[in-house]
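Everything below concerns the one structure shown next.
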Amino acid sequence: MITMRHGVHPDHFKLQTTSELRDEFLATGVMTPGAVTLFHSYYDRFIFGGAVPTDQPLQLENDDALRADYFLERRELGLLNLGGSGTVTVDGTAYTLERFDCLYIGRGARDVRFASASAGQPAKYYINSAPAHKEYPTTKATQSEANRIALGDEAHANKRVLYQYIHEQGIQSCQVVMGFTELAEGNIWNTFPPHTHARRMEVYLYFDLPEDELVMHFMGSPEETRHLAVRNDEAVISPPWSIHSGAGTAAYRFVWGMAGENQSFADMDAAPRSTIR
Ligand SMILES: O=C(O)C(=O)C[C@H](O)C(=O)CO
Ligand SMILES: [Zn+2]
């Protein structure tokens, strides 16, 4: 079952209570052991979620909301393994994925199954999917094959490294752009100064956050910001008009995924600190 999430107008957004914002934009229970847990955002029809196989493989099930013969009939899918070793089998071909390995599965793949090597240390597959107009080849990439970008500095407590896997110069796709960012020890801020990109929506999944820590995630138009208290393995839907930044109570990692009008990572509109309210 896929949980649907509607979009809201910025004028409606600024009237929402904390509970309403959490209901609309926060996804919890993403990494539920023994289950595939998916959320469908009306922003760019982006589907995201987790698959955590334990002692039995899990299948990517079709969903009536897609009105398709199978899930990837008209879609593509990118996934990152954030947990223990596992195998993803696509139409009979098995791909072994270690932690921080990425797999892109192109439009037209009929049968996708998720397995863990050990039920005690299950794989945790984080999935991003978008409509696809063309079939690109199913492709695996390891963290060492990802494009590595060092960002930030200690003075602003935002020293971090960004790994791009599915992007214009990396794994080829129709819409999905996907990777993860890791904060250096003692650094807490991501994506600050913030930006928006009206051409693409984005989803952040925060992970590797210690049990009793949290990230205050900032969203909204630059001049009308709100925040969500986000915990480990929780995701935030970021509308195309929204900033998406966070400050943690400890270092963490987060997967970022986008879809929309283009795949130009640098196509973003900076929101200088002076404009933030
Ligand atoms: O830490 C960062 O900065 C990011 O990871 C930025 C995201 O990748 C993003 O928002 C790209 O549009
Ligand atoms: Zn962004």
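The values are calculated or read from the model by the stated rules, or taken from the named source; none is laboratory data. All values reported here derive from a predicted model rather than from experimental measurement. With ideal geometry, Cβ positions are generated from the backbone for all residues, glycine too; neighbour counts draw on all protein chains shown. Note: areas computed on protein heavy atoms with side chains; ligands, DNA, RNA excluded. Shrake-Rupley method; radii C 1.70, N 1.55, O 1.52, S 1.80 Å.
Residues of region 1-40 that are part of a loop (DSSP other than H, G, I, E, B) and under 25 Å from Gln56 (Cα atoms): Met1, Thr28, Gly29, Val30, Met31, Thr32, Gly34, Ala35.
Scanning region 180-219 for residues being open to solvent by less than 10 Å² (accessible area, probe 1.4 Å), away from ligand 2 (no atom under 11 Å from the Cβ) and either under 21 Å from Gln263 (Cα atoms) or at pLDDT below 95 (or both) gives a total of 2. Here His167 meets each of (1) away from ligand 2 (no atom under 12 Å from the Cβ); (2) open to solvent by 20 Å² or more (accessible area, probe 1.4 Å) with one exception, condition (2). Checking each residue in region 72-81 for being closer than 30 Å to Tyr252 by Cβ and either open to solvent by 10 Å² or more (accessible area, probe 1.4 Å) or at pLDDT below 95 (or both) picks out only Arg75. Here region 162-217 is the region considered, the condition is being in contact with a strand residue (DSSP E or B) (Cβ under 9 Å, 6 or more places away or on another chain) and charged (D, E, K, R), and the residue that is farthest from ligand 1 (Cβ to nearest atom) is Glu213. Scanning region 136-162 for residues that are in a loop (DSSP other than H, G, I, E, B) and either more than 18 Å from the chain's Cα centre (by Cα) or surrounded by fewer than 12 Cβ atoms within 10 Å (Cβ to Cβ) (or both) turns up Tyr136, Pro137, Thr138, Gly152, Asp153, Ala157, Asn158, Lys159. On the stretch given as region 232-259, residues that are of a type outside the set (D, E, K, R), surrounded by 20 or more Cβ atoms within 10 Å (Cβ to Cβ) and in a strand (DSSP E or B) total 15.
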